[in-house]
1. Highest GNM mean-square fluctuation, the chain, Cα pairs closer than 10 Å: which of ARG206, ARG64, ARG95?
2. Compute the Cα gyration tensor for region 55-116, then decide on rounded, prolate or oblate, letting a ≥ b ≥ c be the square roots of its eigenvalues: rounded whenever a/c is under 1.5, prolate when a/b is larger than b/c in the other cases, and oblate in all that remain.
3. With θ set to phi - 60°, apply the Karplus curve 6.51 cos²θ - 1.76 cosθ + 1.60 along region 115-130 and write out the HN-Hα couplings as whole Hz, x wherever there is a Gly or Pro.
4. Of the heavy-atom accessible surface of region 36-165 (probe 1.4 angstrom), what whole percent is carbon and sulfur?
5. At what distance in nm do the modelled label points of GLU207 and GLN120 sit from each other, each positioned 7 Å from its Cα along Cα→Cβ?
6. For GLN9, enumerate residues with amide H under 5 Å from its amide H, sequence gap 5+ or separate chain, H modeled in the peptide plane.
7. Summing -39500 (n - 2.57) over the DSSP H runs of n ≥ 4 in the chain and dividing by its residue number, what mean residue ellipticity at 222 nm do you reach, to the nearest 500 deg cm²/dmol?
8. Return P(r) of the chain (all Cα-Cα pairs; 10 Å bins starting at 0; whole %; ordered from short to long distances).
Amino acid sequence: MAIHDFKSQRLYVEPDLASGKTFEATREQANYLLNVLRMADGSEILVFNGKDGEWLTQIQVSGRKKCDLKPVELIRHQPEPSKLVYCFAPLKQARLDYMIQKAVEMGAGMLQPVITQFTQVRSINEKRVFSNAVEAAEQCGIISLPEIRQPVALRDLPKQLGEETRLVFCDEEAGEQPMAANGKESGDNPIAVLIGPEGGFSQEEREMIRSWPKVMQLGLGPRILRADTAAVAALALVQTQFGDWYANKDR
């Protein structure tokens, strides 16, 4: 596992990053750096934009609430996008905030809201979801940001994911059995994790999902978990079995 710099301040920025390519910080960023963190002219931070890697960047103060940012050294190259898709029924805002942050921390490369029969919240605030993703990335040394998709109806999920994607269906009826696969597996294919709403899936939805190709049922043990807790548990299990926590990469 790579050892990252967790002591330096990290900041997400939108401009392209390249050595010596100076750009102006936004008003909010400048205020945060100069008046909250009390950074001075010449101070250094780490910045990333989700596409050009992580850069050691120098602060150039131009006013009480104004500064430029000058990338001086590439610290980490941009990794390949994660093939892990997190499919979830939207929750009420505070719990959704938590769930998005944890999904990003767990390595989700795409966030796909899914509308089910018992979904209580049927839309998402995309700007707020993105802000939570950025917050998690800034705090946890992550330089890749997930793609955020618009909600889709459950019946349309296979088409949205594509035929190459394996789907891990978190099903309370699966009990404590290990993942049971429907269809041939390949470690190179994208994998999606589907978590239901607080009310779970209807029986009709369960039967529909089980009929899809490349579906693996996953039980999360004997306890009833809240949807946001289930997300962390399921993503950890999937990352251990198939993802970047997988100890034996040659298997």
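1. ARG64
2. Numbers: a/c = 4.35, a/b = 1.86, b/c = 2.33.
In terms of gyration-tensor shape, oblate.
3. With coefficients 6.51, -1.76 and 1.60, one gets 9, 10, 4, 9, 5, 8, 10, 10, 8, 10, 8, 4, 5, 5, 4, 4 Hz.
4. On the way: 2960 of 6430 Å².
Carbon and sulfur: 46 percent of the exposed surface of region 36-165.
5. 2.8
6. Distant-sequence amide H within range of GLN9: LEU46.
7. Values: 6 runs with 62 residues, N = 251.
Mean residue ellipticity, 222 nm, calculated: -7500 deg cm²/dmol.
8. Per 10 Å bin, starting at 0, the Cα pair percentages come out as 7, 29, 30, 19, 12, 4, 0.
The values are calculated or read from the model by the stated rules, or taken from the named source; none is laboratory data. The structure displayed is predicted, hence computed values, not measured ones. Quick reminder, even Gly has a Cβ in these numbers, built from the backbone with ideal geometry, and neighbours come from all protein chains shown. Ligands, DNA and RNA are excluded from the accessible area calculation, which covers all protein heavy atoms including side chains. Shrake-Rupley method; radii C 1.70, N 1.55, O 1.52, S 1.80 Å.
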